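In what follows, a single structure is set out as structure tokens and then discussed.
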Amino acid sequence: MLDTLMSTMAPSFARYLATGKIPARWARFSMPSFHTELHVRGPRNHYCGGQRQALESFCEALGRPDLTNHPDYKTNPLRVKNRAVLEPILEGIFRSQPRTLDGGTGANRVPCTLVRNLKEVIDDEQTAARNMTPVVEHAEAGPVRVLGVPVVLSETPGRIASAAPLLGADTKAVLNDLPGVTDRLRNEFMVQVSLDRF
């Protein structure tokens, strides 16, 4: 699952791997039943309280079981409608507690996970174990880390064999494989590719 999630963010990971700059968080979750704990310090956690049982456990772990049956928050549509009121309540609870709620939510069976930045994901041991950031040799940049293949099959495992070629680096080989391409056409095309590089 990690591989697939990383691949959905391929442009962001590619930018981070190329520049080393960790992008700022730019989006919020669209449903109030999914909430990101906003701690003043320390790691943030993401909690999922969308299903009724998870919501009950979530509110109990927060010490606010009254929110479960509150007429404004009993269903997902109501939580969406009243999000402007509900989110500040949840943020106030998180800010008032200097610790994360992992212990409470774990005991109460609320799905939760750490919210990590791209560097933390890249540096995670599972990322290395899944070979999601292989190093390849680029013709000009030298060794570079790239994002790996998200689907690994037992009989035909995919892999990143090389870095992206320079413009025109493999044009001649590709043209040689095409049927009906004359030497003249091939040479004209190669001249044009060379001119396009400058």
Q | Index of the failed condition, residue 86 passing every other in (1) modelled with pLDDT of 80 or more; (2) under 25 Å from the mean Cα position of the chain (by Cα); (3) surrounded by 12 or more Cβ atoms within 10 Å (Cβ to Cβ) | A | (2)
**Q.** Tally of residues being part of a loop (DSSP other than H, G, I, E, B) and either farther than 23 Å from residue 6 by Cβ or at pLDDT 75 or above (or both) across the stretch 38-75
**A.** 19
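Table: residues versus (1) loosely packed, with under 15 Cβ neighbours inside 10 Å; (2) at pLDDT 70 or above; (3) over 26 Å from the mean Cα position of the chain (by Cα).
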{"residue": "92", "(1), (2), (3)": "yes, yes, yes"}
{"residue": "95", "(1), (2), (3)": "yes, yes, no"}
{"residue": "98", "(1), (2), (3)": "yes, no, yes"}
{"residue": "101", "(1), (2), (3)": "no, no, no"}
{"residue": "105", "(1), (2), (3)": "no, no, no"}
{"residue": "112", "(1), (2), (3)": "no, no, no"}
Q | Hits in the stretch 127-175 (condition: farther than 30 Å from residue 185 by Cβ and at pLDDT below 85) | A | 152, 157, 158
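The values are calculated or read from the model by the stated rules, or taken from the named source; none is laboratory data. It should be emphasised that the depicted structure is a prediction, and the values quoted were computed from it without experimental measurement. Quick reminder, even Gly has a Cβ in these numbers, built from the backbone with ideal geometry, and neighbours come from all protein chains shown.
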